[in-house]
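There's a structure below that I have some questions on.
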Ligand code: T4K
């Protein structure tokens, strides 16, 4: 097989990209006939899912912690090696319920460089998100920055395992212990990823997953709180179901965070295909890694070779010697039907209502700005084949080589 940089890509049979002259942004048709998305769902065996869906329909039991949702929870507990999984209708509600169940109030320290739901979940619980800066290498919370943001009103830390790479769990636990803070993790990106050999899910007081369609592992929409704390598990189960303690007795102002049976059926099905999803993501990641390593001005965020990873995000970063700006690269890729994303630009602190609340928050977040201005997330997942990845690389190479 020809080395990557010598391959001619024919994704759209009428077009190849060998140099910047071939780019659609300069006129002409896109390399890809159909859009390549960041976030195309990984979907397990259709026949297996349809069989489960038929059983759900025949059972006439569709929701309210039904047998499929319960089976799904037990499978997640087994897979993650955690005592309790409380499945939810999505990751955002799971974050809100966890925030409330942990008794977080006042201020909670959180990265600004994350999906907006992390901050919004706190805000919806009338908790003020206080944005701390990240480490520019790991993209995760910088423990020193967390320390700087602690005030007498701080009650907790909400860390994020961004891109599925573990937050600095030991350092954050130390800070939490020192200051008597609650510690939870937004593990939305981290399903199937490990830290020192232990799958994410057991760190802090609890961890929260998103099983949204665009995640490595999905239940259409869904999420979960996972914890080893029996009392917290009981409390969050209560909160998930309106505060019903039993058939007709309500003991808490709960909400509705339940996962449907059909969503759980999707989850059970996709769990059976996790290894395949990882294998495809890893193949794509390796192709991107090799292809981008040959180019000037662009690097790929790497995943530890000694840990388990889901390789869900292909995170490229531009350096100053890349010939065009990050936004121009995105424009060029979009013209070729490669819908690359600038996650998580411009940082939560620059979005509303946070920007109006703290217009000067950016002064404490220099690394957040640097990283948010340089990142380009490229498509991957089971919807892409090798030729697609090579096609994306041919575009980036044409831009990099001018
Ligand atoms: N915390 C973190 C750190 C998160 O990343 C997220 C979610 C949450 C919390 C909240 O969890 P959930 O409440 O969502 O369970 C997407 C997702 O909607 C969002 O779930 C995710 N993070 C975020 C990182 O990405 P958008 O607005 O950037 O993209 P979206 O949803 O428009 O989808 C991207 C592309 O994927 C689409 O243009 C097309 C494709 N797509 C999408 C869907 C839904 C498909 O091909 N099929 C589909 O079914 O937010």
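The values are calculated or read from the model by the stated rules, or taken from the named source; none is laboratory data. What you see is a predicted model; the values in this text were computed from it and never measured. Neighbour counts are summed over all protein chains in view; Cβ atoms, including those assigned to glycine, are modelled from backbone coordinates with ideal geometry.
How many residues are loosely packed, with under 12 Cβ neighbours inside 10 Å and part of a loop (DSSP other than H, G, I, E, B) if we restrict to the range 65-76?
Qualifying residue count, the range 65-76: 0.
Contact list please: Cβ distance under 6 Å, first residue in the range 321-343 and at positive phi, second residue away from the ligand (no atom under 12 Å from the Cβ), pairs at least six apart or on different chains.
337/30; 337/32
Separate question: How do the helices (runs of 4 or more DSSP H) wholly within the range 308-402 filter down when requiring 2 or more residues that are over 22 Å from residue 216 (Cβ atoms), more than 16 Å from the ligand (Cβ to nearest atom) and in contact with a strand residue (DSSP E or B) (Cβ under 9 Å, 6 or more places away or on another chain): which remain?
Per the criteria, 326-335, 366-374, 386-400.
For the range 147-263, which strands (runs of 3 or more DSSP E) that fit wholly inside it have 2 or more residues that are under 16 Å from residue 111 (Cα atoms) and modelled with pLDDT of 95 or more?
The strands (runs of 3 or more DSSP E) meeting that bar are 154-160, 182-186, 206-210.
Also, I was wondering about something else. Just to be sure I understand, how many residues within the range 194-224 are in contact with a strand residue (DSSP E or B) (Cβ under 8 Å, 6 or more places away or on another chain) and away from the ligand (no atom under 13 Å from the Cβ)?
Residues in the range 194-224 being in contact with a strand residue (DSSP E or B) (Cβ under 8 Å, 6 or more places away or on another chain) and away from the ligand (no atom under 13 Å from the Cβ): 6 in total.
Name the residues in the range 235-251 that are exposed (fewer than 14 other Cβ atoms within 10 Å of the Cβ) and within 18 Å of residue 66 (Cβ to Cβ), would you?
Result: 246, 247.
Hey, residue 256 hits all of (1) farther than 19 Å from residue 185 by Cβ; (2) within 16 Å of the ligand (Cβ to nearest atom); (3) in contact with a helix residue (DSSP H, G or I) (Cβ under 6 Å, 6 or more places away or on another chain) but one; which does it fall short on?
Result: residue 256 passes all but (3).
Next question. What number of residues within the range 96-146 satisfy the criterion of being assigned to a loop (DSSP other than H, G, I, E, B) and more than 13 Å from the ligand (Cβ to nearest atom)?
Counting residues in the range 96-146 that are assigned to a loop (DSSP other than H, G, I, E, B) and more than 13 Å from the ligand (Cβ to nearest atom) gives 14.
Within the range 364-381, is even one residue surrounded by fewer than 18 Cβ atoms within 10 Å (Cβ to Cβ) and without any contact (Cβ under 8 Å) to a residue 40 or more places away in the chain?
no
Right, another one. Quick check on the range 77-92: of everything there that is touching a helix residue (DSSP H, G or I) at 6+ places or on another chain (Cβ under 8 Å) and assigned to a helix (DSSP H, G or I), which residue is nearest to residue 208 (Cα to Cα)?
Among them, the one singled out is 91.
If we keep just the residues of the range 32-54 that are touching a residue at least 60 places away in the same chain (Cβ under 8 Å) and assigned to a helix (DSSP H, G or I), which is nearest to residue 189 (Cα to Cα)?
Residue satisfying both the conditions and the ranking: 49.
Please count how many residues of the range 73-95 are in contact with a strand residue (DSSP E or B) (Cβ under 6 Å, 6 or more places away or on another chain) and within 16 Å of the ligand (Cβ to nearest atom).
Adding up the residues that qualify gives 9.
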